[in-house]
Protein chains: 2
Amino acid sequence: MTREELLAGHIQELRRGTVALACLATLSEPRYGYALLETLRAAGLDVDGNTLYPLLRRLDKQGLLDSEWNTEEPRPRKFYRISELGTALLGELTEEWRTLNSSIEALAQGAIE
Amino acid sequence: MTREELLAGHIQELRRGTVALACLATLSEPRYGYALLETLRAAGLDVDGNTLYPLLRRLDKQGLLDSEWNTEEPRPRKFYRISELGTALLGELTEEWRTLNSSIEALAQGAIE
């Protein structure tokens, strides 16, 4: 494995777990998949459609999102929005994220021996 | 799936990717596995031995850690320390983490629409 592949693998592991949190945080406004992809990219999260679309279906199935087909346009599109349960979970996940960030920063700065 | 299981699953996904980064950040001082576990826990990262020990072997195999057996004690223990390659990668992973954190915070605060 080259150095670049090694780095890419570890970066991917780091990012993987954050996508669900990022989706929930973004879907207080209803969005269809592609628009969400664009919003995440604008925020610096370069997510692949092959990762995002199955994740949206999973979050929807878990009841964390509400979804609705918009059939008023020539090509029907599914809109997603965070559910009540999703909103509660988002609060707890955001808190967990901040705790994780404090831990990582403390370790990175050698504050904990 | 109960609400608690749902939350636990998403929290686990969030944490999983951070353990390698946390290990690298902590192993500028040589430590054996159990001491590392204690340090991570002191930093608020509640990692399981069944997760940590295989990860240490993987990071060692990838050349990101150097390891050495201490045979001076009655029970030989393996000490791990970050390697030169690991130190370079740690810098890049820490940078990636901070970028991720900025993205998540911007989305969480609704700064990006």
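Of the residues B:97, A:69, the one with the fewest other Cβ atoms within 10 Å heads the list, and the complete ranking is A:69, B:97. Counting only DSSP H runs of at least 4 residues, each contributing -39500 (n - 2.57), and dividing by the residue count of chain A, the helix-based mean residue ellipticity at 222 nm comes to -20500 deg cm²/dmol. Label-point spacing for residue B:66 across the identical copies (point 7 Å from Cα in the Cβ direction), in nm and ascending order: 5.9.
Treat the protein assembly as shown as a sphere of radius equal to its Kirkwood radius over Cα pairs and apply Stokes-Einstein at 25 °C in a medium of 0.890 mPa s; give the translational diffusion coefficient in µm²/s, rounded to a whole number.
Numbers: Rh = 18.9 Å.
After rounding, the answer is 130 µm²/s.
Spatially, segment A:1-24 and segment A:71-113 are offset by 16 Å when compared through their Cα centroids.
Rounded, prolate or oblate: pick one for chain B, where a ≥ b ≥ c are the square roots of the eigenvalues of its C-alpha gyration tensor, a/c under 1.5 means rounded, and failing that, prolate if a/b is larger than b/c, else oblate. It comes out oblate by the Cα gyration axes. Inter-copy label distances at residue A:5, shortest first and taken from points set 7 Å along Cα to Cβ: 3.8 nm.
For a label point 7 Å from the Cα of residue B:1 along Cα→C-beta, name the residues of segment A:76-113 whose backbone N is under 20 Å from it. Output list for this probe position: A:80-97. Listed by number, the DSSP H helices of chain A that run 30 Å or longer by alpha-carbon position along their axis and have mean Kyte hydropathy of at least -0.5 are A:84-108. Computed from phi, the 3J(HN,Hα) profile of segment A:69-79 under the Karplus parametrisation 6.51, -1.76, 1.60 (θ = phi - 60°) reads 7, 9, 9, 7, 9, x, 10, x, 10, 8, 9 Hz, with x in place of Gly and Pro. Annotation for residue A:49, label-to-label distances across the other copies: 4.8 nm (shortest first, one decimal, point 7 Å from Cα along Cα→Cβ).
Let's test the formula: R0 of 41 Å, r as the Cβ-Cβ distance of residue B:29 and residue A:68. What FRET efficiency results, to the nearest 0.05? Given R0 = 41 Å and the Cβ-Cβ separation, E is 0.15.
When only Cα pairs under 8 Å and 6 or more residues apart are kept, what is the percent relative contact order across chain B?
So the answer I get is 24 percent.
Among the GluC sites (Glu not before Pro) found in segment B:1-85, those both in a DSSP coil and sparsely packed, with 11 or fewer other Cβ atoms within 10 Å of their Cβ, are B:72. Amide H to amide H, with H built 1.01 Å from N, residue A:77 comes under 5 Å of A:70, counting only residues 5 or more places away or on other chains.
Read-outs: derived from the displayed coordinates by stated rules, not from any lab. These figures come from a predicted structure and were not determined experimentally. Don't worry about glycine lacking a Cβ; one is built from the backbone with ideal geometry, like all the others, and counts go over all protein chains shown.
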